[in-house]
1. Is it fair to say Gly212 is of a type outside the set (S, T, N, Q) and within 15 Å of the ligand (Cβ to nearest atom)?
2. Write out, first by first residue and then by second, each pair whose Cβ atoms fall under 7 Å of each other, whose residues are 6+ apart or on separate chains, and whose first residue, in the range 105-121, is acidic (Asp, Glu) while the second is part of a helix (DSSP H, G or I).
3. Can you tell me which residue is nearest to Tyr135 (Cα to Cα) among those in the range 46-61 that are in contact (Cβ under 8 Å) with a residue 40 or more places away in the chain and surrounded by fewer than 20 Cβ atoms within 10 Å (Cβ to Cβ)?
4. Within the range 96-115, which residues are open to solvent by less than 30 Å² (accessible area, probe 1.4 Å) and either more than 14 Å from Leu34 (Cα to Cα) or basic (Lys, Arg) (or both)?
5. Could you check the range 21-45 and list, in sequence order, the residues that are more than 16 Å from the ligand (Cβ to nearest atom) and not charged (D, E, K, R)?
6. Mind listing whichever residues of the range 31-45 are assigned to a helix (DSSP H, G or I) and open to solvent by 10 Å² or more (accessible area, probe 1.4 Å)?
7. If His86 passes every condition in (1) open to solvent by 70 Å² or more (accessible area, probe 1.4 Å); (2) within 16 Å of the ligand (Cβ to nearest atom); (3) touching a helix residue (DSSP H, G or I) at 6+ places or on another chain (Cβ under 6 Å) but one, which one does it miss?
8. For a quick check of your reading: which strands (runs of 3 or more DSSP E) sit entirely within the range 132-237 and have at least 3 residues that are touching a helix residue (DSSP H, G or I) at 6+ places or on another chain (Cβ under 6 Å), more than 30 Å from Asp108 (Cα to Cα) and open to solvent by less than 20 Å² (accessible area, probe 1.4 Å)?
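The values are calculated or read from the model by the stated rules, or taken from the named source; none is laboratory data. Source: prediction; values computed, not measured. Every residue, glycine among them, receives a Cβ derived from its backbone with ideal geometry; neighbour counts consider all protein chains shown. Note: accessible area is taken over every heavy atom of the protein model, side chains too, but ligands, DNA and RNA are not part of it. Shrake-Rupley method; radii C 1.70, N 1.55, O 1.52, S 1.80 Å.
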Amino acid sequence: MKVIRTKTYEEMSYEAAKLLAAQIVLRPDCVLGLATGSTPIGTYDQLVKWYEEGNLDFSAVRSVNLDEYCGLDGENDQSYRYFMDHHLFNRVNIDKANTNVPNGKAVDPEAEGARYDELIASLGGVDIQVLGIGYDGHIGFNEPGPAFIKPTHMVELDPSTIEANARFFASADDVPRQAITMGMGGIMQARKILLIANGAGKKDILMKSLYGPITPEVPASLLQLHPDLTVICAVDE
Ligand code: PGA
């Protein structure tokens with residue numbers, strides 16, 4: 001595990017973007033595992049900047065996103081498909097057909113999970129997976145629970161997650177109660193993992209995840225076993 005502590009969000013974003021850019025340069029048709037939330041926005045902005053300056057080419061890049069709210073389609077401005085289009089995909093030369101987000105409108109979430117895992121396998125797996133971390137230690141939407149769940153699956157969101165994400169919606173009542181998330185298997189099988197965290201409020205859960213016991217009650221703690229984990233964080237006051 002490599003931990004890079006930065007002083008500011010901007011620095012965190014720049015360091016994270018460098019790793020993703022390096023991956024794209026190394027393998028132009030790489031598979032990026034992408035995340036939503038407030039944390040990666042600056043990272044995506046930096047990638048867009050390098051693209052606009054002519055230094056980064058997304059034309060052959062493929063991507064898979066971690067998760068999607070149940071019941072929201074890509075037109076909904078709270079969906080994670082919309083988020084990705086808005087913050088990254090519409091701003092670079094990636095082929096939208098090569099970008100993948102779980103289908104939040106799937107009538108059979110179990111079948112959607114199986115389809116998504118087969119898709120990831122058919123792409124040859126994820127080269128580098130970006131992760132944020134929730135205040136409860138979730139990664140993707142893998143919430144604390146009695147067991148690590150391996151495949152892509154539907155989850156009931158934790159009340160603390162609903163509360164944390166309510167800031168993006170008109171009210172907490174509008175936050176979907178369920179989501180489809182890549183499971184711990186899909187995440188752990190990525191060849192590299194890049195965990196980013198910002199803000200002093202994330203420090204405790206980050207320390208617990210990286211140095212505490214490995215337990216499904218803190219899903220991110222499983223990352224301790226990943227052979228190629230980089231953590232970039234701006235969590236000091
Ligand atoms: P945030 O969310 O980036 O908005 O803090 C992180 C997460 O819940 O995974």
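1. Working: of a type outside the set (S, T, N, Q): yes; within 15 Å of the ligand (Cβ to nearest atom): no.
So Gly212 fails the test.
2. Asp117/Gly186
3. So in the range 46-61, the residues in contact (Cβ under 8 Å) with a residue 40 or more places away in the chain come out as 47-48, 51.
Now restrict to residues that are surrounded by fewer than 20 Cβ atoms within 10 Å (Cβ to Cβ): 48, 51.
Details: Val48: 28, Tyr51: 32 Å.
For the range 46-61, the residue satisfying everything is Val48.
4. Hits for the range 96-115 are Gly104, Ala106, Glu112, Gly113.
5. Residues of the range 21-45 that are more than 16 Å from the ligand (Cβ to nearest atom), as a first pass: 21-32.
Of everything in the range 21-45, those that are more than 16 Å from the ligand (Cβ to nearest atom) and not charged (D, E, K, R) turn out to be Ala21, Ala22, Gln23, Ile24, Val25, Leu26, Pro28, Cys30, Val31, Leu32.
6. Going through the range 31-45, the residues assigned to a helix (DSSP H, G or I) turn out to be 41-45.
Answer for the range 31-45, where residues must be assigned to a helix (DSSP H, G or I) and open to solvent by 10 Å² or more (accessible area, probe 1.4 Å): Ile41, Gly42, Asp45.
7. Result: His86 passes all but (3).
8. Values: elements: 153-156, 178-181, 192-198, 229-234.
Filter on the range 132-237 gives 192-198, 229-234.
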